[in-house]
1. By counting other Cβ atoms within 10 Å of each Cβ, how are 380, 109 ranked from fewest to most?
2. Out of residues 5 or more away from residue 181 or on other chains, whose amide H comes under 5 Å of its own, with H placed 1.01 Å from N in the peptide plane?
3. State whether the range 52-117 is rounded, prolate or oblate according to the following rule on the C-alpha gyration tensor (a ≥ b ≥ c being the square roots of its eigenvalues): a/c under 1.5 gives rounded; otherwise a/b larger than b/c gives prolate, and the remaining case gives oblate.
4. Starting at the first residue of the range 270-278, write each ³J(HN,Hα) from the Karplus equation 6.51 cos²θ - 1.76 cosθ + 1.60 with θ = phi - 60°, in whole Hz, x for Gly and Pro.
5. List 242, 135 from most exposed to least, where exposure is judged by having the fewest other Cβ atoms within 10 Å.
6. Given a Förster distance of 35 angstrom, what is the FRET efficiency for residue 275 paired with residue 70, based on the Cβ-Cβ distance and rounded to 0.05?
7. How big is the charge dipole of the chain about its Cα centre, in debye rounded to the nearest 20, if each Lys and Arg gets +1 on its Cβ and each Asp and Glu gets -1 on its Cβ?
8. Counting only pairs 8 or more places apart or on different chains, how many lysine pairs in the chain have C-alpha atoms closer than 22 Å?
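Every read-out reported here was derived from the displayed coordinates using simple, explicitly stated rules and does not represent laboratory data. Small disclaimer: the values here were computed from a predicted structure and weren't measured. Cβ placement follows ideal geometry from the backbone for every residue including glycine, while neighbour counts extend to all protein chains displayed.
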Amino acid sequence: MANRSIQQTVTVTFRYPVEFTTGLFHSSNLTFRDALDAAHDRAKFVVVVDDGVARAHTTLLADVEAYARAHASALDLAAPPLVLPGGEAVKHDPAFVTQVQDLVEARGIDRHSYVVAIGGGALLDMVGYAAATAHRGVRLVRVPTTVLSQNDSAVGVKNSVNAYGKKNWLGTFAPPAAVLCDLDFLTTLHDRDWRGGLTEAVKVAVLRDPAFLDFLEANAAALRGRDARAMEHAVVRCAELHLEHIATSGDAFELGSARPLDFGHWAAHKLEAMTDYELRHGEAVGIGIALDTTYAWLAGMLPEADWRRVLGVIAGFGLDLTHPLLTTRTGEVLAGLNEFREHLGGRLTITLPRGVGRPVEVHEMDLDLLARAADTLNRIHAEGEDAWRPTPEPAR
């Protein structure tokens, strides 16, 4: 028999709302009800809540149950909210994934029902992974409660947990049914989380939107000082830019070798793991952006004025530009390059800036020059602004 081949193209379109509001679980706010409004009579759902959020918002669990009662004609809350730890620890232990899947099974949550996750990015990642692997995909509604999750991680299509000592080693690509951002949750954040989440805004601004970087630079003091209006604009614009990239890049599920939205992340992920996640993701991303931007300047790719601007914005938020591990365990940090390549596969592809709004992909990095970049950041940390003109002069 001759060989025979069938070639088939499957086109799938995903559409999901990302809503910004306040008072999400006030009975008069219909955002949550409308997001779960299913074709059948009542939308069945369960809720998983980050314990840090539950402690900071002491009426939240009761508010969720009261909201479901107020809208009982449209909503069916199948169980009291399940409270689980927040932070990176929830992504380390497979038992938490099992707890969410046990809840799905025990309460008869099917593929037309919903799992609602309320919390920071780590809890949303874990719950998303559990939901995507239950029944091969239960509908997920994300309610992100941090700057970083509202402006970046929650609006995307990735879900993950950590394994083998590596961040996000297990995961899925599964778009959410909806993302509902209540800006009131940001008011109780620790300063580290308020400021750290802004590094993702710096990332997309440097890559895609010079005017947004202008805004971040002009409003750095206001943002650092917890100005709610400035933060609302920063969060919404950052989320918009992330969504625009996911929708228009042609590679929403990362089938290629490039991850431009992970600019600065290869070092960030490695530093997080090396500090046993004491260094928070946003803080680590700020250091990773500073390292890659300094490398691009030293390599003669990036104008000095742009380099100084990017570092100035990060520092203006009150964030560190370096970490002791960059110079005390440089080789181990640089090994993160290969882990970054392995995670996606294919050829190493790193996004660097040639200027604000002018990203470029490179396929190799000079390790000696990276070490010089780390030393430069260490000197800036030690000497202050006067050290921002590195010597010797960069290669041209």
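1. Working: 380 21, 109 24.
Least crowded to most crowded, the residues run 380, 109.
2. Here 19, 20, 21 satisfy the definition.
3. Oblate.
4. 5, 5, 4, 5, 5, 9, 6, 6, 5
5. Values: 242 23, 135 16.
So the ranking, lowest neighbour count to highest, is 135, 242.
6. Working: r = 44 Å, r/R0 = 1.26.
Working from the Cβ atoms, E equals 0.20.
7. Numbers: 38 positive and 51 negative charges, 155 e Å.
With only Lys, Arg, Asp and Glu charged at Cβ, the dipole is about 740 debye.
8. Counting lysine pairs in the chain gives 12.
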